[in-house]
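Everything below concerns the one structure shown next.
The values are calculated or read from the model by the stated rules, or taken from the named source; none is laboratory data. If you're wondering where the values come from, they're calculated on a predicted model, not measured in any experiment. As a convention, Cβ positions derive from the backbone with ideal geometry for all residues, glycine included, and neighbour counts pool all protein chains shown.
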Amino acid sequence: MNSVPIRIGVAMVVVSILFGQLEQSIAGPTHDTRSLSRDRLEWPSADDIKRTLLLRDYNTRIVVLGTTMLGVAAGIVGVFMLLRRRSLLGDVVSHSTLPGIAIAFIMMEMIRPGGGKWLPGLLIGALLAGLAGILCTKLILRYTRIKEDAALAIVLSVFFGAGMALFKAVQYIPSGSQSGLNHFILGKTASMVAADVWVIAEVSVAIVVVIGLLFKEFSLLSFDDKFAAAQGWPVFRLDLLLMLLVAGVTVIGLQSVGLLLVVAMLITPAAAARFWTDRLGRTTLVAGMLGGGGAFCGVLISAMYPRLAAGPVIVLTGVLFFLVSMLFGVRRGIVVRVITHRQLKAAVGRQHILRALFEFLEPKCDPSAPMSLQLVDHIVSTDDLQPMRSWTPKRLRHLLRTAEASDFITAVRDGGYRLTTQGAELAHRVVRNHRLWELYLIEYADIAPSHVDRDADDIEHLLGSDIVESLERLLSQRYPHMSVPPSPHSIDVASDTTTQQAVP
């Protein structure tokens, strides 16, 4: 069998395959050969994470710089909006910018065909429309009896509806379909260029400088505008300037997160900062840090996951910061409040059990001798303490365990308890403050002795040193021979107090 034709045929097949692959590599694939798994969200590789965190890509650096500066400015302005209770005003401004953008595009197209996409002109139109929305809201509130929330809703819906109608009209302009105006609705963070960043940087720096120069005036305006007006401050102009700053942040935020989400950058960092501090200066600083940090982290996450839009990720990152602040904030965080409440409840419980021990042992002690030294010599059982308060057996056992853990009492044989030296001194001080407060309520608040104990239980834990000193002077005048005043619920003391109050 001749092998030459077979070799020639095999060679022709190999050559045809090679030429076919070469042609395909030059012309590109004729159809999408990707698997369905590639359409899913892919985890970034270690190199992608390192490249993103080190900001090696030019586009990432541009977007990070622009959005971070926007987040800082928005967070600072949002603090004063939150204190002025005008959080929804930013939403009104953002939605009011839509018709201004469309009108600015139409006018620039009429003046010079093809020049409608000039960004400064579009932003000026958005700013003017936003200010018009604020003005309409002010006029409605001034000349009608409509409430503020209804006025905000009316202006927001009317301006947004007009903007959507004008955007539809823009599509019929020859260059309107390619104008890219829809980016102002949802934002185009990933497509920002250096010119956009320069605009955001200039406006952000100007906003921060204005707030820094007028920080005292804005603080007074936010907390008590009527007092500021009485002092002669130009309240209306300061309020108008603050609204102008809000409009400025909103306008520059259109390029990044869009008009639908820019209000979140104004309010979320400010609301989160309230969980960390009560000082306005620190709140402003923390809000700026949270706003800038949320934008920074959001952009990096979007860069690692290209299928995630940067604008919504920035907002979600800010919401995550808010949740963390709400849970772990050192001033108003849920965790801190729960821990503080539990500590206060435990301290009140310890004081109540020590008071019950003192009141049970008080009749067995000699009033002429130091009370604290006598308290440690007696043993008290749970059956003795049960009638002293309306405690359940479980609650009483818990209070005794808590007091024992704090080294105020010690357990002895047969289920009894004995006060320690530290516990006796604390019990003496607690009962003394309680009796002093009862004495104050009887003498000055005109409360009957039979009703004074419950009121004293509610507020005795708030006694300050100045109040205690005044009550001690009253004690020295009323009971000069006693360090702890007697209980007002005894018959002799109650009758004596009633007799004294009856004497003119």
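Table for the structure above
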item: Near pairs, Cβ below 6 angstrom, 6+ apart or cross-chain, from the stretch 256-284 (modelled with pLDDT under 90) to any residue that is surrounded by 24 or more Cβ atoms within 10 Å (Cβ to Cβ) and polar (S, T, N, Q); result: 256/67; 256/189; 259/94; 259/97; 262/94; 262/250; 263/94
item: Scan of the stretch 310-323 for residues that are within 9 Å of the chain's Cα centre (by Cα) and under 18 Å from residue 288 (Cβ atoms), ordered by number; result: 321, 322
item: In the stretch 190-205, the residues that are surrounded by fewer than 18 Cβ atoms within 10 Å (Cβ to Cβ) and of a type in the set (Asp, Glu); result: 202
item: Scope the stretch 110-146; condition closer than 18 Å to residue 199 by Cβ and of a type outside the set (A, V, I, L, M, F, W, C); matching residues; result: 115, 116, 117, 120, 121, 125, 130
item: Odd one out for residue 373, checked against (1) over 22 Å from residue 413 (Cα atoms); (2) exposed (fewer than 15 other Cβ atoms within 10 Å of the Cβ); (3) touching a residue at least 24 places away in the same chain (Cβ under 8 Å); (4) of a type outside the set (Gly, Ala, Ser); result: (1)
item: Test: residue in the stretch 60-83 that is surrounded by fewer than 19 Cβ atoms within 10 Å (Cβ to Cβ), at pLDDT below 90, more than 32 Å from the chain's Cα centre (by Cα) and not aromatic (Phe, Trp, Tyr); result: no
item: Check on residue 282, farther than 23 Å from residue 198 by Cα and part of a helix (DSSP H, G or I); result: yes
item: Residues satisfying the stated conditions in the stretch 112-123, i.e. surrounded by 14 or more Cβ atoms within 10 Å (Cβ to Cβ) and touching a residue at least 24 places away in the same chain (Cβ under 8 Å); result: 116, 117, 122, 123
item: Residue that is surrounded by fewer than 16 Cβ atoms within 10 Å (Cβ to Cβ), of a type in the set (A, V, I, L, M, F, W, C) and either over 30 Å from residue 408 (Cβ atoms) or outside the structural domain of residue 67 (by TED's automatic domain parsing) (or both), where the choices are 324, 313; result: 324
item: Qualifying position, being among the hydrophobic types (A, V, I, L, M, F, W, C) and surrounded by fewer than 14 Cβ atoms within 10 Å (Cβ to Cβ), among 427, 411; result: 411
item: Residue in the stretch 370-383 that is under 38 Å from the mean Cα position of the chain (by Cα) and modelled with pLDDT of 85 or more present; result: no
item: Verdict on residue 316 being touching a residue at least 12 places away in the same chain (Cβ under 8 Å), part of a loop (DSSP other than H, G, I, E, B) and closer than 30 Å to residue 256 by Cβ; result: no
item: Top-ranked residue in the stretch 400-431 [being in a helix (DSSP H, G or I) and β-branched (Val, Ile, Thr); ranked as nearest to the chain's Cα centre (by Cα)]; result: 402
item: Options 331, 397: the member that is within 40 Å of the chain's Cα centre (by Cα), surrounded by 12 or more Cβ atoms within 10 Å (Cβ to Cβ) and not in a helix (DSSP H, G or I); result: 331
item: Residues located in the stretch 109-129, provided they are under 19 Å from residue 252 (Cβ atoms) and either within 34 Å of the chain's Cα centre (by Cα) or in a helix (DSSP H, G or I) (or both); result: 119, 120, 121, 122, 123, 124, 125, 126, 127, 128, 129
item: Per-region count, the stretch 136-163, residues within 20 Å of residue 107 (Cβ to Cβ) and surrounded by fewer than 16 Cβ atoms within 10 Å (Cβ to Cβ); result: 0
item: Test result for residue 285, out of contact with any His (no Cβ under 6 Å at 6 or more places or on another chain), aliphatic (A, V, I, L, M), on the phi < 0 side of the Ramachandran plot and surrounded by fewer than 23 Cβ atoms within 10 Å (Cβ to Cβ); result: yes
item: Of residues in the stretch 334-359 being surrounded by 16 or more Cβ atoms within 10 Å (Cβ to Cβ) and of a type in the set (A, V, I, L, M, F, W, C), the one farthest from residue 382 (Cα to Cα); result: 346
item: Answer from 240, 221 - the residue that is in the same structural domain as residue 280 (by TED's automatic domain parsing), part of a helix (DSSP H, G or I) and surrounded by fewer than 17 Cβ atoms within 10 Å (Cβ to Cβ); result: 240
item: Residue satisfying condition, being in a loop (DSSP other than H, G, I, E, B) and not basic (Lys, Arg), within set 212, 232; result: 232
item: Meets criteria (over 45 Å from the mean Cα position of the chain (by Cα), in a helix (DSSP H, G or I) and at pLDDT 70 or above) for residue 476; result: yes
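Yes or no, residue by residue, for (1) farther than 24 Å from residue 342 by Cα; (2) in contact (Cβ under 8 Å) with a residue 24 or more places away in the chain; (3) of a type in the set (Phe, Trp, Tyr):
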site: 391; (1), (2), (3): no, no, yes
site: 399; (1), (2), (3): no, yes, no
site: 404; (1), (2), (3): no, no, no
site: 426; (1), (2), (3): no, yes, no
site: 429; (1), (2), (3): no, no, no
site: 432; (1), (2), (3): yes, yes, no
site: 435; (1), (2), (3): yes, yes, no
